[in-house]
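Worksheet for the structure shown next.
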Amino acid sequence: MSDSHSQSSSEHDLNETHPNFNIPDLSGAVPTTSEASAKRRIATLEEELQTMRQEKGTKQRKTTYYVAQGRAIRRTTVLYTSLEDLIAENDRRYEVNEVEGEVEGSTVEQDRLQRGYVTLAQTLPWLHRKLAVLDVEECEDMLKKLKRGADAARGDDTSTLKDLIAAWINQDFRDSPLLRADDKHSRGFAHDICGKLLCPAEWDRGNPSVKAGIRDRTQDYIVSKNSWLLFLYENYSFNSGDLEKGLFMSKILVQAFKAIFTSPSSAREADGDGDGADILENNRCARRALSQVKVKTCVRFALSSVSSWRTVDGDFDYEAFWNCVVDFFEDAPGPITRRKVDKLLEWWTRKVFRKNHREDLTPEVVSRMSVTALARQRKALEDAAFDSP
């Protein structure tokens with residue numbers, strides 16, 4: 001009885017507010033006001049706008065992250081090869097392994113691609129997992145942003161070295177006229193010092209016929225990726241009886257490496273023998289070797305007269321040169337040459353990270369230092385206070 005009365009009262013109140021209000025059947029619409037409807041539409045649009053802003057913010061954060069992560073690729077993984085080629089080779093090997101049980105008969109180029117993919121996965125540990133879970137369009141978008149960061153870093157590095165190498169050559173060789181940081185056209189074989197450093201190590205550029213042959217690009221003096229260039233050697237000198245002696249140990253390489261991977265100011269500390277350093281195991285890996293390869297290629301570009309980055313400069317193919325240096329580190333023919341490569345990487349670690357004396361801090365030495373001495377004094381003070389009457 002009370003429920004019936006309550007329902008009747010509610011309907012009466014509603015009809016008082018809306019005199020023409022009638023409950024429609026299911027096919028009709030309950031009357032409302034235009035103001036209330038507009039408020040609801042505005043609320044819905046504001047909610048959609050907020051969602052769009054959040055999605056845009058998330059997308060922007062992803063773009064920033066991928067571009068930033070991509071800066072490492074040209075520095076530590078591959079300088080030329082596309083990421084798609086690396087991924088395709090890893091997929092090919094996986095499929096072959098699934099069907100045949102093992103991968104055999106790979107070409108040199110395929111092995112290079114796979115080494116590149118492994119190094120890429122080490123440099124960006126999250127990438128392999130992402131490739132497995134993202135759809136095709138998301139993968140393409142991610143790789144595009146990674147490449148944007150990679151190419152931007154390469155541009156920054158070549159620009160940095162263009163300026164710094166001019167200063168280093170002017171300081172170390174004091175040649176006249178001096179190199180200008182903003183002028184690439186006066187470099188290359190047109191400049192005595194740059195020409196000497198770019199000369200294949202097996203030729204004597206002091207010989208006028210050699211200099212003329214290089215300048216005129218005669219058949220006997222073709223500068224190509226088939227020669228180790230003099231700037232790669234320690235003290236810029238070459239031993240024809242031992243071609244490996246001093247290779248990849250020049251001062252200008254150490255300066256360039258430090259300028260790119262630590263800071264331009266640290267490049268001033270390239271001198272010294274670096275003996276006795278604490279060797280980081282990481283530097284035995286291909287990652288470090290490939291980083292040095294990138295530096296060698298960029299130094300060659302900075303010494304040349306070419307004003308913009310390109311793969312081929314005259315008869316010199318930068319990508320082929322890159323592969324020659326990678327193969328030197330990665331394809332050692334046996335244990336003897338492998339040990340020599342390891343020693344070279346240890347030398348690089350000492351040069352970059354300098355000497356470490358932690359092993360010399362014996363307990364006897366530490367006991368004479370102020371931290372230990374102060375600890376003894378404070379303890380003695382407490383002991384004296386405890387013993388006093």
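Things to note:
- Any hit, segment 124-143, residues being under 24 Å from Phe316 (Cβ atoms), touching a residue at least 24 places away in the same chain (Cβ under 8 Å) and not acidic (Asp, Glu): no
- Note on segment 69-124: among residues that are among the small types (Gly, Ala, Ser) and not in a helix (DSSP H, G or I), the one that is modelled with the lowest pLDDT is Gly101.
- The residue that is farthest from Ser265 (Cα to Cα), among those in segment 165-209 that are open to solvent by less than 20 Å² (accessible area, probe 1.4 Å), in a loop (DSSP other than H, G, I, E, B) and out of contact with any helix residue (DSSP H, G or I) (no Cβ under 6 Å at 6 or more places or on another chain), is His191.
- For segment 203-241, filtered to residues that are among the charged types (D, E, K, R) and farther than 21 Å from Ser305 by Cβ, the residue that is modelled with the highest pLDDT is Glu234.
- Asp273 being open to solvent by 50 Å² or more (accessible area, probe 1.4 Å), assigned to a loop (DSSP other than H, G, I, E, B) and either at pLDDT 50 or above or at positive phi (or both): yes
- When we screen Ser224, Ser250 for residues that are closer than 19 Å to Leu161 by Cβ, hydroxyl-bearing (Ser, Thr, Tyr) and either in contact with a strand residue (DSSP E or B) (Cβ under 6 Å, 6 or more places away or on another chain) or open to solvent by less than 70 Å² (accessible area, probe 1.4 Å) (or both), the only hit is Ser250.
- Test for Thr160: is it of a type outside the set (D, E, K, R) and touching a Pro at 6+ places or on another chain (Cβ under 9 Å): yes
- Index of the failed condition, Leu127 passing every other in (1) among the aliphatic types (A, V, I, L, M); (2) open to solvent by 90 Å² or more (accessible area, probe 1.4 Å); (3) within 19 Å of the chain's Cα centre (by Cα): (2)
- Residues satisfying the stated conditions in segment 318-331, i.e. at pLDDT 90 or above and outside any helix (DSSP H, G or I): none
- Residue within segment 141-164 that is assigned to a loop (DSSP other than H, G, I, E, B) and open to solvent by less than 60 Å² (accessible area, probe 1.4 Å) present: no
- The residues of segment 161-182 that are in contact (Cβ under 8 Å) with a residue 60 or more places away in the chain and among the basic types (Lys, Arg) amount to a single one, Lys162.
- For segment 294-316, a residue qualifies if it is open to solvent by 40 Å² or more (accessible area, probe 1.4 Å) and not charged (D, E, K, R), and the qualifying residues are Ser305, Ser307, Ser308, Trp309, Thr311, Val312, Gly314.
- Checking Ala166, Ala201 one by one, the residue that is touching a strand residue (DSSP E or B) at 6+ places or on another chain (Cβ under 8 Å) and closer than 19 Å to Ala256 by Cβ is Ala201 and no other.
- Verdict on Phe257 being outside any helix (DSSP H, G or I), hydrophobic (A, V, I, L, M, F, W, C), farther than 17 Å from Asp315 by Cα and open to solvent by less than 70 Å² (accessible area, probe 1.4 Å): no
The values are calculated or read from the model by the stated rules, or taken from the named source; none is laboratory data. Since the model is a prediction, treat every value here as computed from it, not as a measurement. Don't worry about glycine lacking a Cβ; one is built from the backbone with ideal geometry, like all the others, and counts go over all protein chains shown. Side chains are part of the model used for accessible areas, which takes the heavy atoms of the whole protein and leaves out ligands, DNA and RNA. Shrake-Rupley method; radii C 1.70, N 1.55, O 1.52, S 1.80 Å.
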